[in-house]
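The values are calculated or read from the model by the stated rules, or taken from the named source; none is laboratory data. Keep in mind the model is a prediction, meaning the values are calculated, not measured. Glycine also receives a Cβ, built like all others from the backbone with ideal geometry; neighbour counts cover every protein chain displayed. Keep in mind that these areas ignore ligands, DNA and RNA; they rest on the heavy atoms of the full protein, side chains included. Shrake-Rupley method; radii C 1.70, N 1.55, O 1.52, S 1.80 Å.
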Amino acid sequence: MNTNYLKSTNILMAQLNPISGDVEYNKNKAIETIKKAKEKNVNLVVFPELFLIGYPIGDILTRYPYIAEKAKKALDEIKMYCDNIAILIGYPEINENKFLKPYYNSMALIENKKIIKSIRKSLLPTYCEHNDYRYFEPWVEEFENRIFTLNNIKFGVAICEDAWNDFDFFEKNLYKIDPVEKIAKKIDVLLCPSASCTRAKKEQLKHNMMRHCAKKYAIKYIYVNQAGANDELVYDGLSRMYNEQGELVAMAKSFDEDLAVINLFNGGEINPLPKGLELTLNSQKEFSLDHEPDLERTYKAIITAIRDYFYKNGFKQAVLGLSGGLDSTVCAVLLADALGAKNVFGISLPSKLTSPESKNDAKELADNLKINFLEIPIKDMCDLIKDKFGGMFDEISKNWCSRYTNSYTNDNIQARSRAMILWGIANEYGALPIATSDKSELYMGYATINGDMSGGYAPISDVVKTKLFALARWMNKNREIKNAIPVSIINKPPGAELAIDPNTGKPLLAEDALMPYEFLDEVIWRIENLNQSKDNMLMQEFQYEKKNKINKETKQKWLDKFFKRLNTALYKWYIVPPGPVIDARSINKIEYKQPIISNIDYSN
């Protein structure tokens, strides 16, 4: 390849944050980007996959098919700005063949005010958050159509998943064809427009896969990713370029929009990964209680998710209950950083079981964060409801004889009274109430429907408890205002302060009701990442066992409790509000659906 052609070719990686379904907004953002690209002496602008309708698309195309027509018209407007510049932009192409799926996932190549061609996606994922085959027809013909020439350089296009099926890199392949293999020997540069969300360990996979491909075929590899968040999916950006030796020579910002210009000969600016990820690019798939390498990514992902969920839905203010416990504390910090302290209202809602220490911790946290704060005791409210229930249950017992000897009714009265107050504030001031349940406790059903599970958004629903402790410590060290979280909150054993432990006479602690979180979180990891059964786990040594001696009977008891509670928690997973996907695997609704009516034998 003539180096003069490379030196004279500049590409703009349009790492942008679209809004799902808002073709007008996305079109205007594209036109603005093209204008800026011209000022930067750019030859080609590459936009993310399906940019004109935003990702994820859900069922908007099937329910509102005219959106695809709007996208087609938007292309006709955009092309008029493409004089002396070429662009590659994602859109849903209408499929005129009535016997096939109604759309293609396509990239339109536009040059000299003309739509030169549409390049269609071949590999349509149906795993995790993806459901592409529900809407799109896979394109498995004319792979030469993926190739185009610009400035005497041969470019090839592989749309997101099309570049994720290298037969040498993956031990198991999901598809029988590799679109990159079909064109790699005929091109100089591979372009990979994408809408790839962030997950634990995903950066490691992407980095190694892309550099492998670039080196294997001795081509330049340019990956252009979406930024921002839509509902439960968060996009980390980090668009990049690798040279023919598989070396990283340019990378855009993480999580933010970025119009990153790269030169095909010299590369461009290399922005850093979220701190810690660079240390684990070659790490193995194993459970670790050392969450440090993933904490900045987790923090940035949740901040991005909160910010975009509120902004794109037209909300500005959040209200949450501050219990003085870890979950609500971490949520409060994240909300303050994402929305601004003045837009967050923390409400302390003590009952007769709430300790003075918890009330003080909640107030101290609010003062440190400079968020709005109010204390509203709920004892009278709970007593009134309890009295009302007492007479009512006596009447019901005349017809039903199945009343529990021990129930959670009084515990839940407290949690639901708190939620009622938070929703009242939200309704009165147009705020969004926050559900503060974490992933560990959602797995166990250790959360109250219409109580701490109630809200419009659940920021930490995919973060396990051990990671929350680590994140709290990390935020105390790395936020601009240090040590905002009182140390007493981090050191306090988790407990909802809803019930008295009959063995101690003190409020029941969560680990006494469940099991140690270090053990519990590894059970979750083994299910989600290794697909292990209860019997498999019983035979494996857990990280917890390396530090704490437990006998086989105790381990069996904890595993039995976990899977029994998991079965009874399934319906709660469907009720919890949306929250950002953070882990490698999730129980958030966009990804995982286990039938509520299911009788699984979790043993081998």
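Here is a yes/no grid of residues against (1) under 26 Å from Ala341 (Cβ atoms); (2) in contact (Cβ under 8 Å) with a residue 60 or more places away in the chain; (3) crowded, with 20+ Cβ neighbours inside 10 Å:
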{"position": "Asp452", "(1), (2), (3)": "yes, yes, yes"}
{"position": "Arg479", "(1), (2), (3)": "yes, yes, no"}
{"position": "Ala484", "(1), (2), (3)": "yes, yes, yes"}
{"position": "Ile489", "(1), (2), (3)": "yes, yes, yes"}
{"position": "Glu511", "(1), (2), (3)": "no, no, no"}
{"position": "Tyr517", "(1), (2), (3)": "no, yes, yes"}
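Restricting attention to the range 362-391 and to residues that are modelled with pLDDT of 95 or more and of a type in the set (Lys, Arg), the residue that is nearest to Ser323 (Cα to Cα) turns out to be Lys363.
Annotation: Glu77 fulfils all but one of (1) in contact (Cβ under 8 Å) with a residue 12 or more places away in the chain; (2) under 26 Å from the mean Cα position of the chain (by Cα); the unmet one is (2).
Going by the structure shown, is Tyr91 in contact with an Asp or Glu (Cβ under 9 Å, 6 or more places away or on another chain), touching a residue at least 12 places away in the same chain (Cβ under 8 Å) and aromatic (Phe, Trp, Tyr)?
On the way: in contact with an Asp or Glu (Cβ under 9 Å, 6 or more places away or on another chain): no; touching a residue at least 12 places away in the same chain (Cβ under 8 Å): yes; aromatic (Phe, Trp, Tyr): yes.
In short, no.
Listed conditions (1) surrounded by 13 or more Cβ atoms within 10 Å (Cβ to Cβ); (2) in contact with a helix residue (DSSP H, G or I) (Cβ under 9 Å, 6 or more places away or on another chain); (3) not β-branched (Val, Ile, Thr) are all met by Lys561, apart from (2).
Among the residues of the range 324-345, the one identified as open to solvent by less than 10 Å² (accessible area, probe 1.4 Å) and more than 18 Å from Asn483 (Cα to Cα) is Val344.
Can you list the helices (runs of 4 or more DSSP H) lying wholly within the range 21-84 that have 2 or more residues being of a type outside the set (Gly, Ala, Ser) and open to solvent by less than 10 Å² (accessible area, probe 1.4 Å)?
Numbers: elements: 23-39, 60-63, 66-79.
Because the criterion is at least 2 residues that are of a type outside the set (Gly, Ala, Ser) and open to solvent by less than 10 Å² (accessible area, probe 1.4 Å), the helices (runs of 4 or more DSSP H) in the range 21-84 that meet it are 23-39, 66-79.
For first residues located in the range 186-214 and at positive phi, partners that are of a type outside the set (Val, Ile, Thr) and lie 6+ apart or on another chain with Cβ distances below 6 Å form the pairs Lys201/Ala584. Per the listing Asn406, Asn410, Asn427, the residue uniquely in a loop (DSSP other than H, G, I, E, B) and either farther than 14 Å from Trp573 by Cα or not small (Gly, Ala, Ser) (or both) is Asn406. With respect to the conditions (1) part of a helix (DSSP H, G or I); (2) closer than 19 Å to Asp521 by Cβ; (3) not β-branched (Val, Ile, Thr), Ser488 falls short on a single one, namely (2). For residues in the range 381-394 being farther than 13 Å from Asn410 by Cα and not hydrophobic (A, V, I, L, M, F, W, C), which is most open to solvent (accessible area, probe 1.4 Å)? Filtering the range 381-394 for residues that are farther than 13 Å from Asn410 by Cα and not hydrophobic (A, V, I, L, M, F, W, C), the one most open to solvent (accessible area, probe 1.4 Å) comes out as Asp394.
Conditions tested, residue by residue: (1) free of Cβ contacts under 8 Å to residues at least 60 places away in the same chain; (2) surrounded by 24 or more Cβ atoms within 10 Å (Cβ to Cβ).
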residue	(1), (2)
Trp423	yes, no
Gly445	no, no
Thr448	yes, no
Tyr457	no, yes
Trp474	no, no
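Residues Asp521, Asp501: which one is in contact (Cβ under 8 Å) with a residue 40 or more places away in the chain, open to solvent by less than 60 Å² (accessible area, probe 1.4 Å) and under 23 Å from Ile550 (Cα atoms)? Can you show your working first?
Values: Asp501 fails: in contact (Cβ under 8 Å) with a residue 40 or more places away in the chain.
Selected residue: Asp521, the only one of Asp521, Asp501 that is in contact (Cβ under 8 Å) with a residue 40 or more places away in the chain, open to solvent by less than 60 Å² (accessible area, probe 1.4 Å) and under 23 Å from Ile550 (Cα atoms).
Residue count for the range 464-485, restricted to those that are modelled with pLDDT under 95 and either in a helix (DSSP H, G or I) or aliphatic (A, V, I, L, M) (or both): 1. Every listed requirement among (1) closer than 25 Å to Asp188 by Cα; (2) in contact with a helix residue (DSSP H, G or I) (Cβ under 9 Å, 6 or more places away or on another chain) is met by Gln317 save one, (1). The set of residues in the range 272-323 that are of a type outside the set (A, V, I, L, M), touching a residue at least 24 places away in the same chain (Cβ under 8 Å), part of a loop (DSSP other than H, G, I, E, B) and open to solvent by less than 70 Å² (accessible area, probe 1.4 Å) comprises Pro274, Ser283, Phe287, Ser288, His291, Phe315, Ser323. Cβ-Cβ distances below 6 Å connect the following pairs, each with a first residue in the range 535-555 that is under 20 Å from Asn604 (Cβ atoms), a second residue that is open to solvent by 50 Å² or more (accessible area, probe 1.4 Å), and a separation of six or more residues or different chains: Asp535/Asn604.
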